[in-house]
1. Can you give the accessible area per residue of the chain, in Å², using a 1.4 Å probe?
2. May I ask you to give the average projected area over all directions of the convex hull of the Cα atoms of region 402-475, in nm² rounded to one decimal?
3. Expressed as a whole percentage, what fraction of the accessible surface of region 232-357 belongs to carbon and sulfur atoms when a 1.4 Å probe is rolled over the protein heavy atoms?
4. Once the dipole of region 5-98 is set up with Lys and Arg at +1 and Asp and Glu at -1 on Cβ about the Cα centre, which of Gly66, Val77, Gln46 lies farthest towards its positive end?
5. Roughly to the nearest percent, how much of the accessible area of region 102-182 is carbon and sulfur, given a 1.4 Å probe?
6. Under the rule of -39500 (n - 2.57) per DSSP H run of 4 or more residues, summed and divided by the residues of the chain, what mean residue ellipticity at 222 nm is obtained, to the nearest 500 deg cm²/dmol?
7. Among 482-490, 34-42, how do they line up from the highest to the lowest mean number of other beta-carbon atoms within 10 Å?
8. Let me check I've understood the local charge: for Phe172, count other residues with C-beta under 12 angstrom from its C-beta, Lys and Arg +1, Asp and Glu -1. What total comes out?
Amino acid sequence: MSTYQSHLTVLEHSASSYPDAPVFRVPQSDSSTVQVHDWSSISYCQFKDDVEFTARYWRQVLKSDGVPECSVVGLWVPGMTYRDVLNIYGLSRAGYVPQLFSIRLPNPEVVLELLTKADAKALIYDSQFQSMTSSFPLPAHLAIEKGDMTSFTYDLPPIRSTSNPDKLVFIFHTSGSTSGSPKLVPCNSRWLDAMVAKANVISTPHDPRRQDVSVWLGSMCHIGQTFMFLGALQHGSCTIQPTKIAFSSEELIDMIHRCQLNRLNQFPTFLSVHLRNARQNPKLLGYLQRLDEIFFSGLPLPQEEEDWAYKNGLNMKNTFGSTECGAMLHAIGGKGRDALLLRPIPGTSYAFVPIDADTQSESGHNTSARMLELVILSSSGDCPHTSLRGNDGHFHTGDLFQEVMPGSYAFRGRNDDWIKSENSLRCDTKAIEDNVRATCGDLIEECIVVGTGRPSPALFVEPAPGVDHEKLKRDIIRKTRQFHVRRYLHEQITNPNLVIIVPSKSLPRTATKGNVRRKAVEDAYQAELDRIYASLR
């Protein structure tokens, strides 16, 4: 009978194998300045002890609330600090199932709906949500620092690998909203075991003789950093907590210099800042050239930046993934022109299924090359929960690829209306457009939402005849407010500057059905969009 690895079994093994090695480097700075004066180390052994201390605390608190073991407990926290990792891992170690909420979902009504759908029995929240959760009809507790927790000395049950593939271990949420709310992404033991195996491959050190040091990719309440941390743990690597996800090039140099960072993990929007700075800063370029790996995921890099990176000898590595499946495809790597082509991670079971010509044309993919949709087969350990699969039992990602070389693929967008924001979180553009048409149909002729790689979406509008443009912007924001208030921050359009009025029939359209082409709009108005988003920073 198979047994399944988990984040807890990995931690147990690594704390035994690398007890004194640093698992985290955490910034220390004066309250009066953001300048980091030191990066303190937390060892594997200390981390394990701190997780168990936190577990004993939450086990006692939740037991006092009458919350049964194995219950779902919500965690609504930033996911960016050591405290957050302790609360997530500690809650698991205490015998509960963490339901992880992004702080980018700020609506308490939606959070409560999702807690109810998951049959959660309690909630642990960040201090910024204290007033919002005071009326919740379930036990709700402030996420506190370990130093503020009461100490309990009883023994926790031993960590054991489970043989039950369907045992629930986590609940994540889709990073975009469907029908006004994210969907639950229940994660079982079989799925988590597959994540452990894939993360082991992705995070294999380039030089086994020294410790790898990487940096936080994103929130631990999202799958990206959860996955990367699983890989780092298995190899005894160290993860640096930056002062913020969009850290400066100066902070990057400091992390390389003082923490020996050798693998840079970033979403392309933030990585691009360092690449652009390196063009004018030979010292920064030198540091980037000496990194073992520059890892990016979630979005493609702009072609010009990708070409510049290879020309200058940077060790780029791309990975393609999703909330539902974690990392799925990994780049070939190296410095050849095929370096960024993607291949399935070993041990997975995927299919690349041709889409029909009409779908390809209307999706805006005007190419003679055959488009293939990535499908995660039910036999693959990382195939997500049955509630997320298609009628055929498989998970259809909606992500499109071309097979550039046998078994090697290039990402070519999606076969639906979803886009990804700057931090790789998803947004359903069609839902926004449909709401605008439903609430403002008498004021507009046509509209389209864009915003790939941006902090939030923007709306292009062809107005109805005789409508005052500035008033139209304000009317759209007012009439759609109730729709947007339920959505993630990265899905919201709440600023009139992000409503762009253009002349009637001026937006680029497809030749056959006359649908507005999203990518073509994005390309045609790139300079104006750059200016608008820069003014909102």
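The values are calculated or read from the model by the stated rules, or taken from the named source; none is laboratory data. No experiment lies behind these values; they were computed from the predicted model shown. Cβ coordinates were reconstructed from backbone atoms using ideal geometry, including for glycine residues, and neighbour counts include every protein chain displayed. Accessible surface is based on the protein model in full, side chains and every heavy atom, while ligands, DNA and RNA are left aside. Shrake-Rupley method; radii C 1.70, N 1.55, O 1.52, S 1.80 Å.
1. 42
2. 6.5
3. 51
4. Gly66
5. 48
6. Result for the chain, helices only: -10000 deg cm²/dmol.
7. Packing order, densest peptide first, comes out as 482-490, 34-42.
8. Within the 12 Å Cβ shell, the charges total 0.
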